[in-house]
1. What is region 202-291 by shape, rounded, prolate or oblate, if you read a ≥ b ≥ c off the alpha carbon gyration tensor as root eigenvalues and call it rounded for a/c under 1.5, prolate for a/b larger than b/c, and oblate otherwise?
2. Can you put Ile69, Ile287 in order, fewest other beta carbons within 10 Å first?
3. Under the classification rounded if a/c is under 1.5, otherwise prolate if a/b is larger than b/c and oblate if not, where does region 56-341 fall, given a ≥ b ≥ c as square roots of the Cα gyration tensor eigenvalues?
4. By its C-alpha gyration tensor, with a ≥ b ≥ c as the square roots of the eigenvalues, how is region 33-187 shaped: rounded for a/c under 1.5, else prolate for a/b larger than b/c, else oblate?
5. List the cysteines in the chain whose Cβ has no other cysteine Cβ under 4.7 Å from it.
6. Which GluC sites (Glu not before Pro) in region 30-138 pass both tests, a DSSP loop state and at most 14 other beta-carbon atoms within 10 Å?
7. Would you compute, from DSSP H runs of 4+ residues alone, the mean residue ellipticity of the chain at 222 nm, taking -39500 (n - 2.57) per run and dividing by the full residue count, rounded to the nearest 500?
8. Among 170-181, 331-342, how do they line up from the highest to the lowest mean number of other beta-carbon atoms within 10 Å?
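Derivation of every value follows stated rules applied to the coordinates shown; laboratory data play no part. Here the structure is a predicted model, which means the values were calculated and not measured. Here the Cβ positions follow ideal geometry from the backbone for every residue, glycine too, while neighbour counts run over all protein chains shown.
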Amino acid sequence: MRVFYGNIAAQDMEKIIKKALNTRILDKEEIIHLLSFGDNRLYSAADKTRKEFKGNSVHLRALIEFTNICQRNCFYCGLRCDNKNIERYRLSINEILECAKKAKELGYKTVVLQGGEDAFFDAEKICNIIKEIKKLDLILTLSFGEKDYDEYKAYKKAGADRYLLRIETTDKSLYKSLHPNMNFDNRVNCLYNIKSLGFETGTGSLVGLPNQTIESLAEDILFFKKLDADMVGIGPFIPHPDTPLAYVNKNNFDLSLKVMAATRLLLPDINIPATTAMETLKKEGRIIALESGANVIMPNITIEKYKAKYAIYPNKTSLNGANYNTLLDLQKKIYNIGRTISKSNGFRNETL
Ligand code: 5AD
Ligand code: SF4
């Protein structure tokens, strides 16, 4: 019986992957099938797609975690404002610029400014930081949550290039249960505002949240496609002991990899990071992700003394992107899987 079912599934799998490779369109049921039964065939189809559309080079984006202060209270996140067991920090503007200069010296093309929703960094401060970083001739990605249209507009005018805002889940009732005082429609609206302002727009989901269904993960992928996201980051949910979801205990690595690979099949030319959360759950998880559809890595160049404090989940194994030996190691690993490090700015639409 099992074998028989397996065979049926196997035939469907071939058919669905072929359709995805030919048309880049799948319906929800077909995506559910990929996420339920996806195996090496899914990963190699995603890898083949990545190679065809993005080539063999891997983009490195230097990550600066500039504040772990957050006014939000997301149930899964260690930075949530109700967590009193965390020492809070914010980098000074000089420290942020010091990191950006270091990134430039080390040869990075992009820096990513990531942080909690911290009201201290108002539009004026952020715009000053953007202008200073842009003077270094770097591509700049921002990622610090929901802002109103005018604020995003000011960031764009000041010179920022990209904005990342994960939708986290498209299941509205799940979204509501995990995000007190937040509004799903507003988050979607933020993403469309970001897109309409001309930012390269990044989004993504958490995979393995309690009560999250395979159906809703399929909906997440359809949402990325509908938004026409330029970047999609998929990360496994990892329980943090000082949050209401501390009790949840399962490893979401494989399912995250399937969601990521299926995303690559349906959005063939976007940028997809091999996320830190994947490495945290599995040794060499980042490399496995690079061989299953991903083409971006985000080494962490935050000043060492702050790094451990950006604990969105425990044991975060971020890559020390400011350490020459770590970077050399990373470079070797990338070469070992037949890939190179990109010298370009890494926009979605650049020609190979
Ligand atoms: N496990 C994995 N990822 C998490 N994030 C927040 N908390 C966790 C967690 N416990 C992710 C969210 C957020 C990003 C900055 O970190 O998806 O968008
Ligand atoms: Fe704040 Fe983001 Fe964590 Fe939510 S996920 S608490 S918005 S840092």
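1. Numbers: a/c = 2.10, a/b = 1.38, b/c = 1.53.
Since a/c reaches 1.5 but b/c is at least a/b, the shape of region 202-291 is classed as oblate.
2. Values: Ile69 18, Ile287 21.
By the 10 Å Cβ count, ascending, the order reads Ile69, Ile287.
3. Rounded, because the longest to shortest axis ratio a/c is under 1.5.
4. Details: a/c = 1.87, a/b = 1.13, b/c = 1.66.
Oblate shape, in that a/c is at least 1.5 and b/c is the bigger or equal ratio.
5. Cys70, Cys81, Cys99, Cys127, Cys190 - these cysteines have no disulfide-compatible partner (Cβ-Cβ under 4.7 Å) in the chain.
6. Numbers: sites: Glu30, Glu52, Glu65, Glu87, Glu95, Glu98, Glu105, Glu117, Glu124, Glu132; in loops: Glu87, Glu117.
Sparse-neighbourhood loop GluC sites (Glu not before Pro): Glu87.
7. On the way: 14 runs with 160 residues, N = 352.
Using -39500 (n - 2.57) per qualifying helix, the result is -14000 deg cm²/dmol.
8. Answer by packing, highest mean first, reads 170-181, 331-342.
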